[in-house]
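One structure is given below, encoded as structure tokens.
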Amino acid sequence: MAVMNHRRTLLYFLLVGVFSHLVYGQCNPDCSNYSEGYKVPDPKYCSRYYVCATGGIAGVDPISCPPGEKFIQLTQNCDASYQCPTPPCAPMSCHLTCTSVGDRIADPFDCGIYYDCTISGPGAATLCDPIRPYFDPINKICSSDSSVCCRRQCDPYCDPEATQAPDPTDCTKYYDCLENEPIFPSVTCDHGQNFDVKIGLCSPTAECDILCNKTSGCWTQFTCETSGYFAKCEMCDPRYYYCLEAGQAGIEELCPGDLLFDPDPDFPYCIEPEQCIILSSEVNYINK
């Protein structure tokens, strides 16, 4: 019955979405009103920008400013003195690395676990109690609110006190951090070493922890952070996940007919293909 009701709810909202959502979300560079060659800021990082191509489309790959500099759209230049406001789509804060004795860090794969930091590194995993089952990495306490959980990390994030950050897609690589932002590109650990997320260093004894569990832009598995609907892919795709509650595995579903699921987290509904700017190359594989 719950699945039947969620299908009806989703169908209602997708019909609304067909008429109301005409642009892809704010987390993509916006060149719609600019000519070829104009530079627009990266919505995720102050230190990067995109160059607009013909047709109001941004270039595929962002360009990094020199280390320590931030991009200023008004002047179209990078500047070390610029005080950049927090980008609209900056990676969510998730405290995963011990920075001092007495610190407390989250587990990137289980919201109910945390680690106390000791002089010899992170201690044993501690489980939050059933009344407050979610670890809050900001306040460093267990909470009854599932919204405090670390979100899935596929964009590199620099902890404010860390000097290095893990590459979310490759356990043998990391990013140097400067002014709370990663310096691109990533750096490879020495041969035979992995980056230890908990201590923030490469180590020959570190396990291979890949924070971003997706291939070809799509999640291979999905743990629900809250109830609702969530995109399976970072591009428009017929597949999405339905979540009953936090902590459970997402149920993979398909949009009806030719509709595609919008990857914009602010608009998690099925929409018409023409309303998507970024389309999946796998759209035609679905058996309708």
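Just so it is clear, none of the values below were taken in a lab; they were calculated from the coordinates. Just so you know, these numbers come straight off a predicted model, no measurement behind them. FYI the Cβ positions are ideal-geometry reconstructions off the backbone, even for glycines, and counts take in every protein chain you see.
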Q) Using r as the Cβ-Cβ distance of residue 138 and residue 208, and R0 as 35 Å, what FRET efficiency do you calculate, to the nearest 0.05? A) 0.80
Q: Calculate one ³J(HN,Hα) per residue across region 160-171 by plugging θ = phi - 60° into the Karplus curve 6.51 cos²θ - 1.76 cosθ + 1.60, and present them in order as whole Hz with x for glycine and proline.
A: x, 9, 8, 9, 9, 9, x, 7, x, 10, 8, 6
Q) In the chain, which longest range has no GluC sites (Glu not before Pro) that are both DSSP loop (not H, G, I, E or B) and surrounded by at most 11 other Cβ atoms within 10 Å? A) 1-206
Q. Of 231, 80, 90, which has the largest mean-square fluctuation in a 10 Å C-alpha GNM of the chain?
A. 80
Q: Would you please give the residues with an amide H less than 5 Å from that of residue 227, counting only those at least 5 places away or on a separate chain, with H modeled from the backbone geometry?
A: 246
Q: State, to one decimal in nm, how far the label point of residue 82 lies from the label point of residue 126, with both points 7 Å from Cα in the Cβ direction.
A: 4.2
Q: Could you list, in their original order, any pairs among 70/232; 44/70; 140/173; 39/70 whose Cα atoms are separated by more than 23 Å?
A: 70/232; 140/173
Q.
Between residue 113 and residue 193, what is the label-point separation in nm under the 7 Å Cα-to-beta-carbon projection?
A. 2.4
Q) If you plug each phi of region 263-270 into the Karplus form 6.51 cos²θ - 1.76 cosθ + 1.60 with θ = phi - 60°, what whole-Hz ³J(HN,Hα) values come out, in order, with x for Gly and Pro? A) x, 5, x, 7, 9, x, 9, 7
Q: Report ³J(HN,Hα) in whole Hz for each residue of region 223-234, in order, from the Karplus equation J = 6.51 cos²θ - 1.76 cosθ + 1.60 where θ = phi - 60°; Gly and Pro get x.
A: 9, 5, 9, 6, 7, x, 10, 9, 5, 7, 10, 8
Q | Cβ-derived FRET efficiency at R0 22 Å, residue 248 paired with residue 147, nearest 0.05 | A | 0.90
(Q) Please compute the contact order of the chain in relative form: average sequence separation of alpha-carbon pairs under 8 Å and at least six residues apart, divided by the residue count, as a percent. (A) 13
